[in-house]
Structure formats: C-alpha cells, structure tokens
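Every number here is computed from the coordinates shown, using simple stated rules; none is lab data. In this text, all values refer to a predicted model and were calculated from it rather than measured experimentally. FYI the Cβ positions are ideal-geometry reconstructions off the backbone, even for glycines, and counts take in every protein chain you see.
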Amino acid sequence: MQEAMQKFGRFLSAMVMPNIGAFIAWGFITALFIPAGWIPNEGLAELVGPMAKWLLPLLIGFTGGEVVNGHRGGVVGAIATAGIIVGTDIPMFMGAMIMGPIGGVAIKKFDEAAQDHIPGGFEMLVNNFSAGIIGGVLACAAYSFVGPIVSSITDGLASAVGAIVSAGLLPLVSILVEPAKILFLNNAINHGVFTPLGMQQAQEVGKSVFFMIESNPGPGLGVLLAYSLFGVGNAKGSAPGAVIIHFFGGIHEIYFPYVLMKPTLILAVMAGGITGVFTLTLLNGGLVAPAAPGSFIAIMAMTAPGAYFANIAAVAAAAGVSFAISSIFVKATAAADAEKEDALEAAQANMKAMKAASKGQAGEKQVEGKDIKFIVYACDAGMGSSALGAAALRKKLQKDGYKNITVKNFAIGNIPKDAQIVVSHEKLAERASADSPQAEHIWVKDFTNNNVYDIISERLKGGGVSAPAPDAGGAEEPAQTLKEGVLLKENVKVGLKSVSKEEAIKAAGELLFKSGYVEKPYIEGMLARERDISTYIGQGIAIPHGENAVKKHVIKTGLVVMQYPQGVKFSDENTAHLIVGIAGKGDDHLAIIANLATITMEYSEEDLQKAYTTKDPQVLFDMFTKG
C-alpha cells in the first residue's frame, strides 16, 4: 500500500512540478491585478480566469499524457483535457490529472497494437489521424461523462472542506499530513489535493491557506533546532546545516531522517502543523500560489497582500511548538544517544532503503572482485550509449591485463540472467533493476565520463585479483573497422553553422533518411531519445540515435558525421562539436562504437581540436573508418 501511494505521489508530482512556473505566474497576476490585489487593474485581471480555467489544466493534461507516452501522449492528453474543461465552470485541475494520463495510455496502446501493421509511407498519415480521432473521442467522453463526475467530486470536497473550516477543524488535517510527508507522500497530498483546492479559493478571494498546509517549514525547523541545541554526536553536528537547507532551500526531506531516528518526534511535527494551520486561519493568512519548494523565501514571495504577519506568525508558531515538544524527547534520550552516535546514519540508510524500495531499485548487492566475470551496460535500445560505455570499459580492462572479464551491452528487457554487474543510466534505474534483480547495479549520469572503472578496479584489487603480467594474457582485442557503406564520404559535413540541439539532431536524422539508412519516423525517435537521456558522451562528441521503439525503422546500418566548429549546446556544461548520427541494425553498430570509444579515450586534445575545426572531410572520414 505504501509503495503504491509513493508511486502515485511521484506520478502526480511529475504532472504538476514541471508547470509550477505557470502556477507562480498566475499567482503573481492574481496578487497584482484582481480588485483585492496590490495594484488592481480591470483589464489585466481578465488574464486570471482564462489562465486558471484553460492554461493551467491544459499544461497539466499535456504533461500527464507526455509522462505516459512522450509528446504524442501529451497532445492527446491535452485534447482530452479540453473536453473536460469545456464541460465545467470551475478550474479542472483534478480532471486534467485524470484525462491527461488517460490520453497518453490510449494513444500508447494504439501505437503498440498498430506498429507492425502500418504500410510503409503511411506512418505520418496514420500517426496524425489516430491522435486526432482518439483525442476527439476522449474529449467528447470527458465532456459528457468524466466532467460531471469530477465536478460532483470537486463540489463534494469543497463542501467537506467548507464544513471543516466552519467547524474550526481544518488544523486537524495536519495529523494526517505530517506523518504522510515522512512517508514521502508530500507530493501526492500537496499537488494532488491542496493545490487544486487552493487555486479555486485563490481565484475567488485572492489567497488560500491550502497552499501553506503542507509547505510550512515550521514543523521541520523545530525538530532540527532541537537537535542543534540538545542533540549529541553526528545528529547535533549535522542539524545546523540541515536547518539552512530545509528553511531557506525548501528541501523538507532533509529533516525526515531526524524524525525516523526518533519516531516519537512525529508528535512534535503533528503539533507544529496543527499550530501553524490554526494560526493561519485565526489571522487570515494565505498564499496566492503554491510555494515550491516549501522554503521561507518561496512563502514570502507568494504571500498575499496584507498576509505577511499572519504567514510569518504561522511559520514561527509551528516551529516554536515543534521545537518545544522535540526538545523534551531529544533531551530525554540524549544519554542513550551518546552511546549510539551512528543512529543518524542508520536512519538515513533506512530512508534510502525506503526510497529505493519505492523506486524498485536493487538491494545493496556487491560482487566480490574475485567473482567478477560478466559486466553488462544497459540502455533503452542497447545500441548507442551503453555500447560506447561497454567498449570503453572493456578496452580499459584489457589494457590492464584483465582478459577473463566479459563486458557487453544489452537493451533493458534483454539483460542476461547471469549478469553480475549492470551499469545503467540513473534515469533507467527502476527498469534495469526490475529486469536483472540478481545483479549488482551501478547507476551513472554519463555512460563514458564516470568512475565505473575505478569501482571495478578497486573491487578486483580488494578481491585479491591482480592484473597479469603483460606477456601473461592474450593480445589486446584488435581494432574494428567499419563495413563499407556504413559511412560515406558525402555524409561527412564540415563547417556547419551552430544551431540548437534539436535542430542538429534533426539534421543528422534527415541525412540518415536521405541516405537510405532509416525510415522517416526514426528521426522523431532520435529526438525522443534525447529528451529522455542526453546522447552527449564527452570530448565534444554527441551520438544521437533512436530509442528502442523506432529500431524497426532502421533499414541498414549507417553513420553520418556533422561538424560544428562553434559547437552545439547540449547542456549548460556540454558543447558538442561533432554530431555523429547512428542507425544500427543487428550488431553492425559495434564497429562504430569501438571507433568512438577509441576517439574519446585515445585521441589527444590537440587532435580533437583539429577534428573540430578541419575543413577537410577526409580527415574526419579517416578518423571514423580506420579504427
């Protein structure tokens, strides 16, 4: 049950959090221009209604569909959400959270069923009409059936909340909210319940107390202050730093281990939460939009006109009550805690285990060095980034004399059951762990620039495995060369003008298509792969390639090389000068990967700079074809 709720919370967060900027924009406009705002303006106040009714739900619906099935799912999710918006008179955030994912699921199921039955050349026609028809049907269903149901639920919730407020019982919701936060359900509660209710209330009166029920940093601040003054050992030493991160950074998760370490402190945060909500209702406080993250700075930025004293008092009162109660428990157990200074580390490990379990991660398996025989690099398609990482690690191990360790790359879903160590991107952790629960998992942010070799090397040395003498092993794996026709000299483009990352990837895909290596849909698969995980591999090189779903659109193995002397920004830190578009069929792409591994590891900085700026395509052609 807890795991299901955690997944539900993460899913709601994935729909709302990317759009928090739009909520904040709406909050500022509301706070400034409505009749009760800072600078009332009848014309600009007209923005408030359409943004709340149309813009925000459509963004949520699009994001919900996109989470399920990429951009295509997002489009259908937005169409479906439009139907539920038209059928109601209230901001339909809850309806968007329902129809967006439904749209994504519907088009995903269609794509899976139709992918092997679309005649060549009709892909775009089928894709466009299927999205339009399915989206239209869902919009009509949302208007006719889902909208009225959600409206009734929303009205019921509003009535229930109104009754709670009228009875003066709203503060008691903290009895549920604060323990739920410790169980990592804060996103489910905040964005799934309080944000939609708060938006409706803020549109009517210019502010809402609902935005501060979960985001108030006071309860957690009280716990951390108690540890700072009366704690012992590591807990006392680390608490002051945690105060800054929690209170000013808004990272509430920082205080969860301190409560888990002493579960009786849940009473302190519950009492603090009740006090904070009571103070808000008593003094008529509230925010104009969600405070995300829940820091004091964000709360002040979102405070409604005339509510500064109430909001500050609510934070201070919540912190004071939580501190008073926490101090009693912390001081009462100080002597015992002095004998167990590792309690915080144990609680943090417990919290990490709870999060790992909620993400489906493998346990803390560790293969001893003497037993390491089979290492797998895994990615979505099993052909691009993972192949490059595997080639790089294999080359390093062979260079150091470890000839009996097999390093291969596979697509997630095809990882061999005898794999001992699996290296995958952190974004693919859940899927990789589920596919190979027997293995030790190492998760990286970059398949080539990482410390995997250092981890393996230390493990081998620690396990008593020494690299053999240079003449004890076989010869190093011979360099591979590309098959004829995989890279054509006319597909090496130099001196290109800088463009956006998306434009560069699309240009590489178009060249693969024109050269007969892929079908047109493969290009969208390249863009989708980049949205999921960056294909920048370091050393100024990026290797855009299609995601697993479009491998069927590869006609034959091909490679294109595009040089951008001024670079293409793949992120704030990474600029690619060589864009290597890859289409791999079968195992032919391994030669490509072997060459790329050689380039990234063995070419000098001076050689690479020449490659970035040469005006002679032959130089790059030789680099990629001669191993």
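Some points to look at:
- Close amide H pairs (under 5 Å, H built 1.01 Å from N) link residue 494 with 563, residues at least 5 positions away or on another chain.
- Subset of 569/610; 262/427; 399/610; 489/520; 514/615; 373/610 violating a 29 Å alpha-carbon distance limit: 262/427; 373/610
- Ranked 379, 140, criterion: other C-beta atoms within 10 Å, fewest first: 140, 379
- Length added when fully stretched, residue 332-residue 616, from 0.36 nm per residue minus Cα-Cα: 94.6 nm
- The packing ranking of peptides 146-153, 605-612, 282-289, highest mean first, is 282-289, 146-153, 605-612, where packing means the average number of other beta carbon atoms within 10 angstrom of each residue.
- Shape class for the stretch 483-526: oblate, because the ratio a/c of the largest to smallest gyration tensor axis (alpha-carbon atoms, square roots of eigenvalues) is 1.5 or more and b/c is at least a/b.
- Under the combined filter of DSSP loop state and at most 15 neighbouring Cβ atoms within 10 Å, the stretch 247-287 retains these chymotrypsin sites (Phe, Trp or Tyr not before Pro): 248.
- Estimated inter-spin distance, residue 283 and residue 124, nm [label 7 Å along Cα→Cβ]: 6.1
- Under-5 Å amide H pairs with residue 286, H placed in peptide plane, nonlocal only: 304, 311
- Charge dipole (the stretch 480-536, unit charges on Cβ, about Cα centre) - positive-most of 533, 509, 488: 488
- Gyration tensor verdict on the stretch 531-571 (Cα atoms; rounded if a/c is under 1.5, prolate if a/b is larger than b/c, oblate otherwise): oblate
- Gained length - residue 532 relative to residue 175, 0.36 nm times residue gap less alpha-carbon distance: 124.7 nm
- Residue-wise HN-Hα coupling along the stretch 41-53, computed from phi with Karplus coefficients 6.51, -1.76, 1.60 (Hz; x: Gly, Pro): 8, 4, x, 5, 5, 5, 5, 4, x, x, 5, 5, 7
- Kirkwood hydrodynamic radius of the stretch 487-625, from the reciprocal of the average inverse Cα-Cα distance over all distinct pairs: 14.7 Å.
- Cα-centre dipole for the stretch 487-625 with unit charges at Cβ (Lys and Arg positive, Asp and Glu negative), debye to 20: 520
- Applying the Karplus relation 6.51 cos²θ - 1.76 cosθ + 1.60 with θ = phi - 60° to the stretch 404-418 yields 3J(HN,Hα) values of 9, 9, 8, 10, 10, 10, 9, 6, 4, x, 10, 5, x, 6, 9 Hz, where x marks Gly and Pro.
- Ranked packing of 97-110, 305-318, 218-231, most packed first, by mean Cβ within 10 Å: 218-231, 97-110, 305-318
- Two-site FRET efficiency, residue 144 against residue 411, from Cβ-Cβ distance with R₀ of 41 Å, rounded to 0.05: 0.45
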